[in-house]
1. For B:Thr123, only one of the following conditions fails: (1) open to solvent by less than 10 Å² (accessible area, probe 1.4 Å); (2) more than 10 Å from chain A (Cβ to nearest Cβ); (3) farther than 19 Å from B:Val4 by Cβ. What is its number?
2. Quick one: how many residues across the range B:34-53 are out of contact with any Lys or Arg (no Cβ under 6 Å at 6 or more places or on another chain), within 11 Å of another protein chain (Cβ to nearest Cβ) and open to solvent by less than 10 Å² (accessible area, probe 1.4 Å)?
3. Hey, could you check the range B:76-99 for residues that are open to solvent by less than 40 Å² (accessible area, probe 1.4 Å) and in a loop (DSSP other than H, G, I, E, B) and say which is nearest to the other protein chains (Cβ to nearest Cβ)?
4. Among the candidates A:Ser106, A:Ser96, single out the residue that is within 17 Å of A:Trp9 (Cα to Cα), within 13 Å of chain B (Cβ to nearest Cβ) and surrounded by fewer than 21 Cβ atoms within 10 Å (Cβ to Cβ).
5. Only residues that are surrounded by 15 or more Cβ atoms within 10 Å (Cβ to Cβ), closer than 23 Å to A:Leu90 by Cβ and within 12 Å of chain A (Cβ to nearest Cβ): list them for the range B:2-33, please.
6. Can we say A:Ile55 is over 15 Å from A:Cys122 (Cα atoms) and hydrophobic (A, V, I, L, M, F, W, C)?
7. Look through B:Gln210, B:Gln236 and report the one residue that is closer than 30 Å to B:Ala53 by Cβ and of a type in the set (S, T, N, Q).
8. Which of the helices (runs of 4 or more DSSP H) contained wholly in the range A:1-79 include at least 3 residues that are within 14 Å of another protein chain (Cβ to nearest Cβ)?
Amino acid sequence: MRAYWTLTWRELGAYFLSLTGYIIIAASLFLTGLSFIDLLDRLRGEAMPAPLTEIYFNTWWFPMIVVLATPVITMRLFAQEKFSGTFETLMTTPVSDLQVVLAKFSAALVFYIVLWLPLVGCVLLVRHYSNDQSAFDSGIMGSTFLGIILLGGLLVSLGCCASALTRSQVAAAMMGLAFGFSVLLLGFLADKTATHASWQAQVLACFAIFEQMRDFARGMVDTQAVVLMVSLTLFFLFVNLRIIESRRWK
Amino acid sequence: MIEVANLTKRFAGRTAISNVSFEVKRGEIVGLLGPNGAGKSTTMRILACYLPASSGMVHVAGLDVFRDSVEVRRRIGYMPENNPLHPDMRVREYLKFRARLKGLRRRTSRERVDTVMEQCGLTEVGKRIIGQLSKGFRQRVGLADALVHEPELLILDEPTIGLDPNQIRAVRQLIKGLANSHTVLVSTHILPEAEMTCNRFVLLYEGRIQAADTPDGLQRLMSGHSQVIAEIAAPQADLEECWMQMGEIEHFDISPAQGDYFRCALTPRDGLDLRPLIFELARSRGWILRELTRNRHSLEDIFVQLTKPESEEE
């Protein structure tokens, strides 16, 4: 456990002590700021009964930030260590492969959560200036963040796999982006086939992960979505572990 | 401390090491020598549990490196080739991170970091960022890292590569200083350095062991090629007759030297040391003996001789 915490702290430190970390924070703050302007524009129009978070979710910004930010966060995790050779010094210390994978995943997820904190500020600003106390409902905010974390967990675990597959950070980021967009496109495909009653359409609907986020933004926690996202995350962490272990396969 | 038996490592389409067997006893400093691509780093990576062996047995402190990997890693301090470090961290912070990673408790890690920083001469640069340090200091950080958890066995892959002579001397002193408390396996192709540091050598060439012995043992191995030089003041005909009659001499060569002296280069049979015989002979015949030396091979000669491609030998 000591090794896990040490590694997690080190990984988090690497984000907050490096220029890359602050560039990611600045870029995502910029996108969140733009999305906030978009949100305010929409609010200026006719009154909408939907919660603020759902309106936000209906903009393009949400999937864009998630899909763009996660591969950039995860690209360095393994690829950089492999490139610089520190992976060898890491794997020859008495830490298990599982500890390494979990520590890197946890650090990336925490950093991802930190990226989303300005959203809370945006919603609080709306409440402050609109004098509408219902604009910030802690329940809805909680479920939205749960959705953001679950979705982030899945994409971060995918990004970790991508990073573990290569020595090049650029290649890792590209793979991560491709994974992220595939997940996003699955949602579109499901949307197109939503009217079909075939089993294929139903399966697709299950994997329309971004669509399932809409319920979270509405304040609804759907256990089916939670189970799906947690299991997919665990599956990709397992794949990641196998990739790391593969160097020891004879 | 280390037992390697019939170790073979194959990468796709290439055998990096083949049937390598050697032992390292507790407290020894053993040099793993060989030209580039001989399989030194691969052997060390297998010992450090980073790569699996394709076949063969590797035990460190009685534990199998594959099955008891984590336990073996606890007992090993490993410094890979090129000494990779985190350039964004400060020296002290890095060593503390590594100590904690290697399972040391907070207080112990603090004490150990202080100790190894002093041992490796890093106290003054503790707060500096690793990326801004000179190569010599970075090398010392790597060594301090390998030492921080007080491992029984140190595996150092080319610890002096790219250092200037003063830095090489400092690292050498450091390694020699560890001899009493640690077992050290060090790879290098800087031969004078190995000669000064190690008690024993394992010489690898193209993935196979060419020789594994103490420096004296290697000398003996090479002594078939070594000559004794004697400068003697005596009639040339007497000298020739003597050398021809001595069964211990395989081949001789006499050339006139300064004054009345003749310079005799004598090649012994079966690696014998001819010097006492020649001294006795000179004494009994009343010859004046001005010089009597045996050409000792430097490790470099041995290395070149043993790692010469076969075509060149012919």
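The values are calculated or read from the model by the stated rules, or taken from the named source; none is laboratory data. Here the structure is a predicted model, which means the values were calculated and not measured. Please note: Cβ atoms are built from the backbone with ideal geometry, for glycine as well, and neighbour counts cover all protein chains shown. Heavy atoms of the whole protein, side chains included, go into the accessibility calculation; ligands, DNA and RNA do not. Shrake-Rupley method; radii C 1.70, N 1.55, O 1.52, S 1.80 Å.
1. (1)
2. The qualifying residues number 4.
3. Among those that are open to solvent by less than 40 Å² (accessible area, probe 1.4 Å) and in a loop (DSSP other than H, G, I, E, B), it is B:Pro84.
4. Every option except A:Ser96 fails the conditions.
5. B:Lys9
6. no
7. None of the others qualify; the one that does is B:Gln210.
8. Counting at least 3 such residues, we get A:2-17, A:19-44.
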